[in-house]
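Participant: Just dropping this structure here.
Laboratory data are not the source of any read-out in this text; all were calculated from the coordinates shown. Predicted model only: the values in this text are computed from it and were never measured. For neighbour counting, all protein chains shown are included, and Cβ atoms are generated from backbone atoms with ideal geometry for every residue, glycine included.
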Amino acid sequence: MKSFLQKSDPDIPTRVMLAAQSAGGLAHLHDKLGILHRDIKLDNILVSPGPIAKLTDFGVGRVGMEAAVSAGMLTDLLYAPPEFEAGQYGRSGDVFALGATLYELLSGRPLFDWHYRRRHGQGQGGAA
């Protein structure tokens, strides 16, 4: 999705539609297939013509709704839920990561923007 956003700069209604599609895809993974994705982020949502959002990259995914995790099991801590620090990751972790991802989709910057501030010479920072 990141490259789609950079190339096409879609309007807000299109971004909201992609957000709803992403949430629907995650609900399907959880409710119908019993799969935790564990790596929800803009880079792992592809956009096909339409546009249609599709969740991808199940490399750290797991069948079952609760799992113990370690730092190596998530590729981007920017989207990690608070319970990750306790070594736990369940359905709520995917929902948290989706929320952080959708915030970025709609606002154009990460939920926790210290990466953004560091890149733009503004030092360390907290939430956006």
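Participant: Rank the residues LYS41, LYS32 as a footprinting-exposure proxy: fewest other Cβ atoms within 10 Å of their Cβ go first. Kindly include the intermediate steps, with their values, before the conclusion.
Facilitator: On the way: LYS41 21, LYS32 8.
Ordered by Cβ neighbours within 10 Å, fewest first: LYS32, LYS41.
Participant: Residue by residue through the range 102-109, which ³J(HN,Hα) values in whole Hz follow from phi under the Karplus form 6.51 cos²θ - 1.76 cosθ + 1.60 (θ = phi - 60°), with glycine and proline marked x?
Facilitator: My calculation for the range 102-109 gives 5, 4, 5, 4, 7, 9, x, 8 Hz in order.
Participant: Then there is this: What is the spin-label model distance, in nm, from THR56 to LYS32 if the labels are put 7 Å beyond Cα along the C-beta direction?
Facilitator: About 2.0 nm, to one decimal.
Participant: Sorted by mean Cβ packing within 10 Å, highest first, what order do the peptides 9-19, 99-109 take?
Facilitator: Working: 9-19: 14.4, 99-109: 17.5.
Going from most to least packed, we get 99-109, 9-19.
Participant: How far apart, in nm, are the 7 Å Cα→Cβ label points at GLU85 and ASP43?
Facilitator: So the two model labels end up 2.4 nm from each other.
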